[in-house]
Amino acid sequence: MKKRPEVVLNLFSSVDGRITMAPNHNVMEWTDKGVDGDANDLTHRLYDELNCDAMISGSESLIVWSEDWVELKNPITEPQKSQAYIVFDGRGRMNWSQTEGLIVVTRENVSEPYIEQLKKKGITYLVAGSGEYIDNGLALEQLYDHGFRRLGLSGGGSINGAFLRAGLIDEISIVLAPLAIGGRATPTVFDCEDLSSIQDACLA
């Protein structure tokens with residue numbers, strides 16, 4: 001087995017594990033309304049304390065943030081040790097405007113226009129797997145080859161769940177905001193298929 005970086009899930013959630021107020025809502029509204037108990041800022045400071053040299057997110061989160069943008073009056077702490085922002089975009093859905101420090105991970109069989117966009121904008125990108133989804137394990141091996149040793153996963157429930165089910169999360173850091181959200185379709189820390197056996201649970 002090839003080497004891969006350690007992956008630390010680092011995010012904040014409500015006490016019942018929700019990571020937004022409702023589907024397609026930006027979690028920044030918790031911070032904007034002053035109800036997150038500074039969990040957002042603490043989480044971002046923890047990236048440095050956890051020695052994460054880059055951050056991982058999924059394209060779904062960015063789409064929600066861009067469609068429901070929340071401008072904070074007081075900016076949250078920016079991690080200083082992070083060398084890159086790595087986005088897993090297997091569907092090739094993003095039209096990139098902010099490219100500084102960006103690394104895109106996608107599939108070998110993503111559309112050619114998407115690859116052309118990455119090349120034209122000078123965005124560093126990796127291709128991992130040619131199936132329906134990105135091969136996350138292969139992507140991590142490639143990121144290791146690019147010098148990354150410890151990554152902070154800050155995605156939405158889908159990418160977090162995919163990493164969980166693939167056994168790719170080494171450490172979990174969750175800051176609890178003093179909120180209970182509830183909801184049947186509200187995104188959670190891990191949104192993935194149900195377990196068939198307790199033996200498949202990830203031991204914390």
Considering region 19-34 alone, what residues qualify as being of a type outside the set (Ser, Thr, Tyr) and either surrounded by 22 or more Cβ atoms within 10 Å (Cβ to Cβ) or in contact with a Pro (Cβ under 8 Å, 6 or more places away or on another chain) (or both)? Ile19, Pro23, Val27, Trp30
Hey, can you tell me all the residues within region 1-18 that are in contact with a Lys or Arg (Cβ under 8 Å, 6 or more places away or on another chain) and assigned to a loop (DSSP other than H, G, I, E, B)? Pro5
May I ask you to verify whether Gly161 is within 20 Å of the chain's Cα centre (by Cα) and buried (at least 17 other Cβ atoms within 10 Å of the Cβ)? yes
Can you give me the number of residues within region 45-54 that are surrounded by fewer than 22 Cβ atoms within 10 Å (Cβ to Cβ) and not in a loop (DSSP other than H, G, I, E, B)? 4
Any idea which residue in region 124-158 is surrounded by the fewest Cβ atoms within 10 Å (Cβ to Cβ), counting only those that are of a type in the set (D, E, K, R) and at pLDDT 95 or above? Asp145
Among residues belonging to region 78-123 that are part of a strand (DSSP E or B) and in contact (Cβ under 8 Å) with a residue 40 or more places away in the chain, point out the one that is surrounded by the most Cβ atoms within 10 Å (Cβ to Cβ). Phe88
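The values are calculated or read from the model by the stated rules, or taken from the named source; none is laboratory data. Note that the structure is a prediction, hence the values are computed from the model and not measured. Every residue, glycine as well, gets a Cβ built from its backbone with ideal geometry; the counts of neighbours run over all protein chains shown.
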